[in-house]
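This report refers to the structure that appears directly beneath it.
Read the figures in this text as sums done on the coordinates, not as results from a lab. No experiment lies behind these values; they were computed from the predicted model shown. Cβ atoms come from the backbone with ideal geometry, glycine included; neighbour counts cover every protein chain shown.
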Amino acid sequence: MTTRASSALTRLPRGLGRLGQCQLCRSWQSQPICAACLTAWRHPSRRCLRCAIDLPHDHPDTVCQACEDQSPEFDRAIVAVDYSGPWPGLLTRLKFQGATALAKPLAQLLAEAVCARRGATSLIVPIPLSKQRLRERGYNQSWLLAKQVGRRLDIPARVDVLERSRHTQRLMNLSAEERLRQIRDAFHVSPRALATLAGQDVAMVDDVMTTGATLNACALALLEAGARSVSAWVVARTPAPTNVRSS
């Protein structure tokens, strides 16, 4: 380290040189994403009350046409941000590059969104990974988020309720129809958790929602196993295509 760089670090407030920089603005501070950036990149959006897709301002209802035609298995979806701007990059780092410290500020965003329309919730569960994917990655980013959200909202979070019955290929590059085929019957509730789940109002936590196929499959498994209600809490939602928003 050069003398100039060393001198700059010594002028930082105590602890900040050791803890690092904001992942967005690169300012020296104590969190992976500073409070100013969390606020600046969180743009309010009018959303469907069922699936949380962004709605045009002149949409005549609070529910999108897709949910009017076929409601999802979960009661409601709550998301913090659109999957745009800096959020895809940050979520990729969390999910694939071991940047687990990002779970805390991203969970803060999600918890704040949930507080606006939380509803009855008695249990939080993460969307599970397959055993193969968990071995490859070493952690489940959805569980990291679920634990943090649970702590902030004082709701118990359990990792042993939902399980992935089989390994599936990555869904991000598949069409909606291919996702449905891949995910069908891919989740189940652990037999050990059946008694715990009965009558619970469950919130599923995940990092990104695209078509909702995974969340739908998980919600169906939870409801069939005895959950009273199921909602989806997700950090980022893929925006509606422009032609859908304007139709």
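What does the charge count around Val79 come to, taking other residues whose C-beta lies under 13 Å from its C-beta (Lys +1, Arg +1, Asp -1, Glu -1)?
Once positives and negatives cancel, what remains is +2.
Can you give the local net charge around Cys37? Use residues other than it whose beta-carbon is closer than 15 angstrom to its beta-carbon, Lys and Arg +1, Asp and Glu -1. Neighbour charge sum, excluding Cys37 itself: +3. What net charge do the residues around Glu224 carry, taking every other residue with its C-beta under 13 Å from that of Glu224, with Lys and Arg at +1 and Asp and Glu at -1? Taking every other residue near Glu224 into account, the sum is -1. Given their separation in residues at 0.36 nm each and the Cα-Cα distance between them, Arg166 and Ser30 gain 45.0 nm when the chain is fully extended. Spin-label pair Arg135-Thr62: with each label point 7 Å from Cα along the Cα-Cβ axis, the two points sit 4.7 nm from one another. Applying 0.36 nm per residue to the separation of Asp69 and Ala198 and subtracting their alpha-carbon distance, the gain on full extension is 43.5 nm.
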